[in-house]
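Enquirer: One structure follows; several queries about it will come next.
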Amino acid sequence: MKGAEPNADLAAAIAEITLRRPSQPEQWFDPGYLFRVQGEERLFLHLLRRRGIRELNDYRILDIGCGFGYWLRRFAEWGADHRNLHGIDILEDRIAEARLRCSPEVDLRCGNASSLDFEDESFDLISMFLVLSLIPDTAMRTRVAAEASRVLKPGGLVLWYDFRYPPPRARGGMVAMTRRRIAHAFPGFELDLRSASAVPPITRRVARYAWGICTLLDNIRFLNTHYVGALQKPNQRNENALQPLSRSVAEGSTVSEDRPQ
């Protein structure tokens, strides 16, 4: 089948990059992992609140790179209708496990997000957590972002969380998703980004003894390894207002953010 080999290569690369991560059931007994995931939940809920989103029951949501379906299950707990939840991942074993853990009403697909089998402008919210940094090929990253933009409704949001510079001991050519790269991947989008999450190896060790110190570390900007934020697709009402933002990004200026970087 045409395109099967590139898909296999990408799946192998992502599997290699994530090889060091323990299986999810084991992770829950790791204080460092628990601290990080609960911190991410607080970040994402804060983002939604800032956007005036208090209910998800009417939102059609796509999780790109859904893995074991963890965030799909969280969206359901936060009020999303299972029938409005969709996930895609390139690794077959993760989709198989996600089908065991998620409601059968959740739509789970194994495939390459560079070619999404969804209608144009069909989702209100798309989550992309640690996705583009795992794709070494620039053209492939661009296609994945373009497909996310295509299936997102005007005015819809991409909920974003990814590395802003390569993590320590990174494998397989992980890519730092800088502001400039994010802006290039999503042209015309309004970018609301802030730095977050102290260096994971540090918090994994410290969390065994003192969660409070981990919280302090998360608030030290130069230790933050990720960007978290919301990327809003322009619509007819705000498209013209977003043009100056797009030009400023192209000229190298900063984009809007929640706090100084």
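The values are calculated or read from the model by the stated rules, or taken from the named source; none is laboratory data. What you are looking at is a predicted structure, and each value in this text was computed from that prediction instead of being measured. Here Cβ is always computed from backbone atoms with ideal geometry, including for glycine, and neighbour counts include all displayed protein chains.
Enquirer: What number of residues within the range 222-236 are surrounded by 14 or more Cβ atoms within 10 Å (Cβ to Cβ) and closer than 14 Å to Tyr165 by Cβ?
Expert: 5
Enquirer: Of the residues Ala198, Ala183, Ala210, which is without any contact (Cβ under 8 Å) to a residue 60 or more places away in the chain, of a type in the set (Gly, Ala, Ser) and either in contact with a strand residue (DSSP E or B) (Cβ under 6 Å, 6 or more places away or on another chain) or crowded, with 19+ Cβ neighbours inside 10 Å (or both)?
Expert: Answer to the check: Ala198.
Enquirer: Show the residue pairs meeting these rules: Cβ distance below 6 Å; 6+ apart or different chains; first residue within the range 95-118 and basic (Lys, Arg); second residue surrounded by 14 or more Cβ atoms within 10 Å (Cβ to Cβ) and outside any loop (DSSP other than H, G, I, E, B).
Expert: Pairs that qualify, where the first residue is basic (Lys, Arg) and the partner is surrounded by 14 or more Cβ atoms within 10 Å (Cβ to Cβ) and outside any loop (DSSP other than H, G, I, E, B), are Arg99/Leu108; Arg109/Ile88.
Enquirer: It is to be established whether one or more residues within the range 163-178 are modelled with pLDDT of 90 or more, more than 16 Å from the chain's Cα centre (by Cα) and not aromatic (Phe, Trp, Tyr).
Expert: no
Enquirer: Please pick out the residue among Ala96, Ala76 that is outside any loop (DSSP other than H, G, I, E, B), surrounded by fewer than 21 Cβ atoms within 10 Å (Cβ to Cβ) and in contact with a Ser or Thr (Cβ under 8 Å, 6 or more places away or on another chain).
Expert: Only one candidate qualifies: Ala76.
Enquirer: For the range 51-88, which residues satisfy the criterion of being under 16 Å from Tyr161 (Cβ atoms) and in contact with a strand residue (DSSP E or B) (Cβ under 8 Å, 6 or more places away or on another chain)?
Expert: Listed by number, the residues that qualify are Arg51, Ile61, Leu62, Asp63, Ile64, Gly65, Cys66, Gly67, Trp71, Leu72, Phe75, Gly87.
Enquirer: Asn219 is checked against (1) at pLDDT below 90; (2) surrounded by 14 or more Cβ atoms within 10 Å (Cβ to Cβ); (3) in contact with a strand residue (DSSP E or B) (Cβ under 9 Å, 6 or more places away or on another chain) and fails just one. What number does that condition carry?
Expert: (2)
Each row is one residue, and each column tells you yes or no for (1) of a type outside the set (Val, Ile, Thr); (2) part of a helix (DSSP H, G or I).
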{"position": "Tyr33", "(1), (2)": "yes, yes"}
{"position": "Glu40", "(1), (2)": "yes, yes"}
{"position": "Phe44", "(1), (2)": "yes, yes"}
{"position": "Ile53", "(1), (2)": "no, no"}
{"position": "Asn57", "(1), (2)": "yes, no"}
{"position": "Gly67", "(1), (2)": "yes, no"}
